[in-house]
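The values are calculated or read from the model by the stated rules, or taken from the named source; none is laboratory data. None of the values given here were measured: they were computed from a predicted structure. FYI the Cβ positions are ideal-geometry reconstructions off the backbone, even for glycines, and counts take in every protein chain you see. For the accessible areas, the whole protein counts, side chains as well, though only heavy atoms, and no ligand, DNA or RNA atoms are used. Shrake-Rupley method; radii C 1.70, N 1.55, O 1.52, S 1.80 Å.
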Amino acid sequence: MTERTQTRQTQAGTGLGFGALFSKHVISARYVAGAWSGLEVRDFEDLRFSPAAMVMHYGQAIFEGLKAFRATDSDEVLIFRAADCARRFDRSAARMAMPPLPAGMFLDAVRTLVGVDVAEVPSVPGSSLYIRPVMFADEPSLAVRPSTEFSFLVLASPVDSFFASGRTMIDAYAQSSHIRAALGGTGDVKCSGNYAGAMAAKADAQRHDCDEVLWLDAREHHYVEEFGAMNCFVVRGSGERAELITPPLAGTILPGHTRATVITLAGRRGLTVLQEPIELGQVLDDGGPVSEVFACGTAAGVAPVHRILTDTGRERIIGDQPGPLTAQLAADYVAVTHGQLEPEPDWIIRIPG
Ligand SMILES: Cc1ncc(COP(=O)(O)O)c(C=O)c1O
């Protein structure tokens, strides 16, 4: 077992960070000769691969990210939107010429891992067990074609703040010299290569003291698409006339489950939610109608944006405090993930804690 494996009951709020510690077990399966093996529960330990394993050369790999939260008012642990992750995993697999998992196998794996490592779901507010399913090509071959062998793994990491800075409001760096995705590419699935191609932009954002990249459309660099690992919402107007806007799912952004959750929660509050293109210029306009900006994703929840900087030297401070709608939706999101607000059918799997 590696020394990074964490074996103690974690006390969150003591700097768990994101993805640095791992729970004791891993669930695994292999795909060989056209069929998946059964799931196995294994210790979290290093894996062995051929130096020719195809993923290391051609990057045929996909992943998912979901969280298990301790319920506030019961002893249960709540796994949020696992069924949606299973569906997105299948979509990613199809796009990347990888085999689908048999029905139910993804959910069985997630349920089993949370069950065996349930003691490692942290309980301090703001913490959770982040669950990472991944599938990758491990046939030993340098041939440039889809692999015929794959591994499926699910691991987990007790986490608190997603952002290395620990900030609760984030600064974003809008990129026009790199793009994330173009129509027909892989931007709307969760393949590892999307993130590899984004690392230089992330490093650039960090050099400018920003937490995240704000990606723009590939053709004109005129419209806001999404953040590095989160979808984007803006609030236009304020008070009774406030509207929530998020870019449409037009093929280049990831259909986030937190985005979908926020749309539902906002609808429950009677807010108008529009899915339409958002011009960067409007977001940067200090006297303009955009009054709030927030990012949202499984890893970070609802993260209010403090400042946007662009690689062309423009800057706008959105606000030093989360805006009222952002704060309301962030609280609703925490409530629904912790069992304090009624979920929609299919949103939550309950595990005895
Ligand atoms: C590029 C990108 N956009 C958006 C999201 C948010 O998706 P979700 O809410 O399903 O976590 C993610 C999450 O990992 C992401 O990587």
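Data overview
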quantity	calculated
Qualifying trypsin sites (Lys or Arg not before Pro) in the range 151-220, DSSP loop, other Cβ atoms within 10 Å at most 15	Arg167, Arg219
Net charge, Phe80 excluded, C-beta distance under 15 Å - Lys, Arg +1, Asp, Glu -1	+2
Residues whose placed amide H lies under 5 Å from that of Val213, excluding near-sequence neighbours	Tyr173, Gly228
Once the Cα gyration tensor of the chain is diagonalised, semi-axes √(5λ) in Å	33, 25, 18
Fraction of beta bridges assigned by DSSP in the chain that are antiparallel (%, nearest 5)	80 percent
Accessible-area composition of the range 166-280, carbon plus sulfur, in percent [1.4 Å probe]	49 percent
Cut-off 14 Å between beta-carbons: net charge of the residues surrounding Arg70, Lys and Arg +1, Asp and Glu -1	-4
Accessible solvent surface per residue of the range 170-337, calculated while the other protein chains remain in place, 1.4 angstrom probe, Å²	40 Å²
Rounded if a/c under 1.5, otherwise prolate or oblate - the range 161-314, Cα gyration tensor axes	rounded
The range 124-230 - Debye-derived log10 I(q)/I(0), Cα point model, q = 0.15, 0.17, 0.20, 0.23 Å⁻¹	-0.84, -0.99, -1.14, -1.23
Per-residue SASA entry for Glu120, accessible area with 1.4 Å probe, Å² rounded to 10	10 Å²
Helix 82-95 vs. the chain, principal-axis angle (Cα, 0 to 90°, nearest 10)	80 degrees
Simple spin-label estimate for Phe49 and Arg30 in nanometres, 7 Å along Cα-Cβ	1.4 nm
Segment Thr312-Met56, length gained on full extension (0.36 nm per residue, minus Cα span)	88.6 nm
Calculated FRET value between Arg219 and Asp75, using beta carbons and R₀ = 41 Å, to 0.05	0.20
Ranked by how many other beta carbons lie within 10 Å on average, peptides 58-64, 173-179, 298-304, 142-148 from highest	298-304, 58-64, 173-179, 142-148
Approximate spin-label separation Ala335-Arg167, in nm, with each point projected 7 Å along Cα-to-Cβ	2.8 nm
Net dipole in debye of the chain [+1 Lys, Arg Cβ; -1 Asp, Glu Cβ; about Cα centre; nearest 20]	500 debye
Long-range tail of P(r) for the range 25-161 (Cα pairs > 25 Å, %)	29 percent
Convex hull volume per residue for the range 199-263, taking Cα atoms only, in Å³	121 Å³
Förster radius 35 Å - calculated FRET efficiency between Arg207 and Ala143, Cβ distance, rounded to 0.05	0.35
Mean Cβ count within 10 Å, highest first, over the residues of peptides 39-48, 240-249	240-249, 39-48
Helix axis angle, 105-116 relative to the chain longest principal axis, alpha carbon, degrees	90 degrees
For the range 121-136 versus the range 204-271, the gap between their alpha-carbon centres in whole angstrom	23 Å
Summed residue charge, Cβ within 13 Å of His57's Cβ, Lys/Arg positive, Asp/Glu negative	-1
Residue order for Trp347, Trp36 - accessible surface, 1.4 angstrom probe, largest first	Trp36, Trp347
Hydrodynamic radius (Kirkwood) for the range 260-328, which is based on Cα pairs only, to one decimal in Å	13.3 Å
Carbon plus sulfur fraction of accessible area for the range 44-134, probe 1.4 Å, in percent	55 percent
Inter-label distance, nm, simple model (7 Å from Cα along the C-beta direction), Arg91/Asp285	3.2 nm
